[in-house]
Amino acid sequence: MTDTDWADPSALGLAPLAGINLAFAGDFLGWWGPNAAVLVATIGFVGGICQVATGMLSLRRGDGAGGTLMATFGLLFMWAPGLMLTLEAVGVVPGVQPFFGAWSLFLGVLLGMWSLALLEKPAFEFLIGPLGFLALSGAGLHDLLGIPAVVPGVGFLALLAWGLYMLTHALAAESGLVVPLGPPAGELLGVGAPASDPEYATGD
């Protein structure tokens with residue numbers, strides 16, 4: 001069996017990514033009430049399994065940037081915060097908010113750094129880096145400094161929209177349809193990403 005025998009697993013990871021951003025956005029905006037931590041954690045646990053599987057399959061297909069991003073964030077963005085929220089909700093580890101805020105800032109920095117690995121990806125796909133940095137940094141600053149919850153709430157809504165559009169692209173591509181993602185991000189930013197790659201003609 002060769003790498004090309006594996007189908008593109010993007011939709012498997014993008015659906016729970018959109019879902020967890022909806023969950024976090026609603027939590028910050030007060031949509032779910034005061035006792036939603038375990039429900040959000042459940043989405044994170046199930047979604048994390050999907051994202052780790054997506055990451056492993058993407059790595060198998062030779063996508064180092066996308067594969068490591070999915071697998072890493074399946075664990076650090078889905079499972080780790082979910083476990084923290086659950087432990088706090090059941091009273092095992094009370095008062096995790098300061099560490100949770102610092103962890104959110106850490107994840108924001110990681111996503112910002114991952115932007116470097118995504119410069120050769122289509123421009124819309126690249127946006128996960130800066131959008132994630134803003135949303136997660138806002139979440140961290142809310143927990144640590146008390147900035148209004150609407151800031152990370154709107155940030156996670158933006159990530160939700162990103163995830164749904166990327167999911168639409170992935171599902172359309174499986175049917176031979178084109179939902180554009182734009183030229184390579186590096187080309188737009190003037191850092192010399194390879195514009196000749198035929199992959200970018202359709203944004204796949």
Residue-averaged [θ]222 nm for the chain, counting only DSSP H segments that reach four residues, each worth -39500 (n - 2.57) | -22000 deg cm²/dmol
Could you give the distance between the Cα centres of the range 57-101 and the range 163-192, to the whole Å?
-> 25 Å
Can you tell me the alpha carbon radius of gyration of the range 58-105 divided by the globular rule-of-thumb value 2.2 N^0.38 Å?
-> 1.48
At q = 0.18, 0.21 Å⁻¹, what base-10 log of I(q)/I(0) does the Debye formula yield for the range 86-125 when every alpha carbon is treated as an equal point scatterer in vacuo?
-> -0.62, -0.69
With axes computed from alpha carbons, what is the tilt in degrees of helix 37-60 against the longest principal axis of the chain, rounded to the nearest 10 within 0 to 90?
-> 20 degrees
Where Rh denotes the Kirkwood radius from the mean inverse Cα pair distance, what is Rg over Rh for the range 11-120?
-> 1.00
Ordering of 73-85, 98-110 by packing [mean C-beta count within 10 Å, highest first] = 73-85, 98-110
Mind checking the angle between helix 128-145 and the chain's longest principal axis? C-alpha axes, 0 to 90 degrees, to the nearest 10.
-> 10 degrees
For the range 121-182, what D do you get in µm² per second when you plug the Kirkwood radius from alpha-carbon pairs into Stokes-Einstein at 10 °C and 1.306 mPa s?
-> 125 µm²/s
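Since every read-out is calculated from the coordinates, none of them should be taken as a lab result. Just so it is clear, the model here is predicted, and its values are computed rather than measured. We place every Cβ from the backbone using ideal geometry, glycine too, and count neighbours over all the protein chains shown.
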